[in-house]
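Chemist: Here it is, the structure in full.
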Amino acid sequence: DIHTDLKISAIEAMLGANRTVSDPYGKKIKLRIPAGVQPDEMLRIRGHGIQTENDTGDLLVHVRVRIPKDLTEEQRKSFEKAIREAGIH
């Protein structure tokens, strides 16, 4: 198996997303990030790790969620409104 990190936004973590990652041999692989994925969660892509004579390992993708440090006042108000409307406290 081989491990890699994938940085995603907080919005992508909440809503889910489709991203592309590369295996150790440079092949591009489409990866579906499920809605509600948690920071540091690991997603497994079977058969895309290191190849040996007898087997092929998995590509283990560690999700790293980026949280914005600086929001504009408009962004802050928009997020606060969305949170209120969703009933999240």
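The values are calculated or read from the model by the stated rules, or taken from the named source; none is laboratory data. What you see is a predicted model; the values in this text were computed from it and never measured. No Cβ is skipped: glycine too gets one built from the backbone with ideal geometry, and neighbour counts run over all protein chains shown. To get the accessible areas, we keep the full protein, side chains included, count just its heavy atoms, and leave off ligands, DNA and RNA. Shrake-Rupley method; radii C 1.70, N 1.55, O 1.52, S 1.80 Å.
Chemist: Given the options Glu41, Glu73, Glu12, state which has the largest fluctuation in a GNM of the chain using a 10 Å cut-off (strictly under) for Cα springs.
Modeler: Top of the fluctuation ranking is Glu73.
Chemist: If I ignore ligands, DNA and RNA and count only protein heavy atoms, how much of Thr4 is accessible to a 1.4 Å probe, in Å² to the nearest 10?
Modeler: Using a 1.4 Å probe on the heavy atoms, I get roughly 50 Å².
Chemist: If you roll a 1.4 angstrom probe over the protein chains with everything in place, what fraction of the accessible area of the chain belongs to carbon and sulfur, to the nearest %?
Modeler: Heavy-atom surface of the chain belonging to carbon and sulfur, 1.4 Å probe: 49 percent.
Chemist: While we're looking at this one, here's another question. How much mean residue ellipticity at 222 nm does the chain get from its helices, if each DSSP H run of length 4 or more adds -39500 (n - 2.57) and you divide by all residues, to the nearest 500 deg cm²/dmol?
Modeler: Taken over the chain, the calculation gives -6500 deg cm²/dmol.
Chemist: Could you compute the FRET efficiency for Ile11 and Thr52, with r as their C-beta to C-beta distance and R0 at 41 Å, rounded to 0.05?
Modeler: 0.60
Chemist: With only alpha-carbon atoms counted, please give the Rg and Dmax of the stretch 40-89, in Å.
Modeler: 19.8, 57
Chemist: Under a plain spin-label model, where a point goes 7 Å from the Cα along Cα-to-Cβ, how far apart in nm are Ala86 and Ile29?
Modeler: 2.9 nm
Chemist: When ligands, DNA and RNA are left out and all protein chains stay put, how many square angstrom of accessible area per residue does the stretch 1-87 have with a 1.4 Å probe?
Modeler: Result: 74 Å² per residue.
Chemist: Restricting to Cα pairs below 8 Å that are 6+ residues apart, what does the relative contact order work out to for the stretch 22-89? Please round to a whole percent.
Modeler: 24 percent
Chemist: Sorted from largest to smallest, which semi-axis lengths in Å does the alpha carbon gyration tensor of the chain give for its equivalent ellipsoid, taking the root of 5 times each eigenvalue?
Modeler: Details: eigenvalues 237, 28, 18 Å².
Sorted largest first and rounded, they come to 34, 12, 10 Å.
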